[in-house]
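Derivation of every value follows stated rules applied to the coordinates shown; laboratory data play no part. What you are looking at is a predicted structure, and each value in this text was computed from that prediction instead of being measured. Every residue, glycine among them, receives a Cβ derived from its backbone with ideal geometry; neighbour counts consider all protein chains shown.
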Amino acid sequence: MTLVPQTALAVCLIADGVLGSQTHDPGAGDTHGRVELEIITPATSDVIAIDTPSAGIVTTARRIITHLSAAWHHDTEFRPVPGQWCAACPVARWCPDAANTSAPTIVIDGVTIDARTGEVLSAPGGLTARAEAVTGVLAEPPADDDPTV
Ligand code: SF4
């Protein structure tokens, strides 16, 4: 749920009875269910299932969503926040606040990561589990680069 927060959101929606309601009344739907994440590669297909009634799952999901939404949830000014992500922004050429950057980076939870190597370039608030997971994936050499093969 940390690496794919959409699954955490799905757990929260099920736990709050939002899905399956015939009355458009949040809380009227079924509060039991399962979230499935299918990971497909050219060679495999794996399904990771998360049972929402499991102990601690909903609490963990709410913590993840709260962490990810806290900064913008109370935002009433909507000021631009330029940064490394401006390099991939489709409106950067017209944006007066765009940051001048061309480095291929990824920003996860405020942690700036080199998209080519997985190196952490800055982590002013510390390294989060989600950012650490992304750096781990990027730092792994592709299977084709295995020197033992
Ligand atoms: S270029 Fe402007 S609109 Fe795009 S991400 Fe940067 S600050 Fe936001």
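Evaluate region 1-77: find the radius of gyration of its Cα atoms, find its Kirkwood radius, and give the ratio Rg to Rh.
Ratio value, two decimals: 1.06.
Checking the a/c ratio against 1.5 first, then a/b against b/c, what shape does the Cα gyration tensor give for region 80-141?
Since a/c reaches 1.5 and a/b is larger than b/c, the shape of region 80-141 is classed as prolate.
Can you compute the modelled spin-label distance between Ala88 and Val137, with each label point 7 Å from Cα toward Cβ, in nm?
Simple spin-label model gives 1.1 nm for this pair.
For a protection proxy built on the mean count of beta-carbon atoms within 10 angstrom, sort 32-42, 53-63 highest first, please.
Highest to lowest by the protection proxy: 53-63, 32-42.
Within the set of other residues whose C-beta is less than 15 Å from the C-beta of Gly126, count the net charge using Lys and Arg as +1 and Asp and Glu as -1. Working shown, then result.
Values: positive: Arg130; negative: Asp109, Glu132.
Once positives and negatives cancel, what remains is -1.
Just to confirm a number: summing +1 for Lys and Arg and -1 for Asp and Glu over residues other than Thr52 whose beta-carbon lies under 12 angstrom from that of Thr52, what do you get? Can you show the working numbers first?
On the way: positive: Arg34, Arg62; negative: Asp16, Asp30, Glu36, Asp51.
Around Thr52, the charge tally is -2.
Name the shape class, rounded, prolate or oblate, that the alpha-carbon gyration tensor gives for the chain, where a ≥ b ≥ c are the square roots of its eigenvalues, rounded holds for a/c under 1.5, and otherwise prolate holds if a/b is larger than b/c and oblate otherwise.
Numbers: a/c = 2.25, a/b = 1.26, b/c = 1.78.
Oblate, since a/c reaches 1.5 and b/c is not below a/b.
Let's test the formula: R0 of 41 Å, r as the Cβ-Cβ distance of Phe78 and Val47. What FRET efficiency results, to the nearest 0.05?
Rounded to the nearest 0.05, the efficiency is 0.60.
Under the rule of at least 5 residues apart or a separate chain, name every residue whose amide H is placed under 5 Å from the amide H of Leu121.
Sorted by chain and number, the residues that satisfy this are Thr112, Ile113, Asp114.
Gain in length, His32 to Ala99, computed as 0.36 nm per residue apart minus the alpha-carbon separation, to one decimal in nm?
Working: separation 67, 0.36 × 67 = 24.12 nm, distance 4.51 nm.
Using 0.36 nm per residue and subtracting the Cα-Cα distance, I get 19.6 nm.
Assuming 0.36 nm per residue, please report the length gained on full extension of the stretch Thr60 to Leu127 beyond their Cα-Cα distance.
Stretched fully, the Thr60-Leu127 segment lengthens by 22.3 nm.
Which peptide among 88-94, 110-116 comes first, and what is the full order, when sorted by highest mean count of other Cβ atoms within 10 Å?
110-116, 88-94
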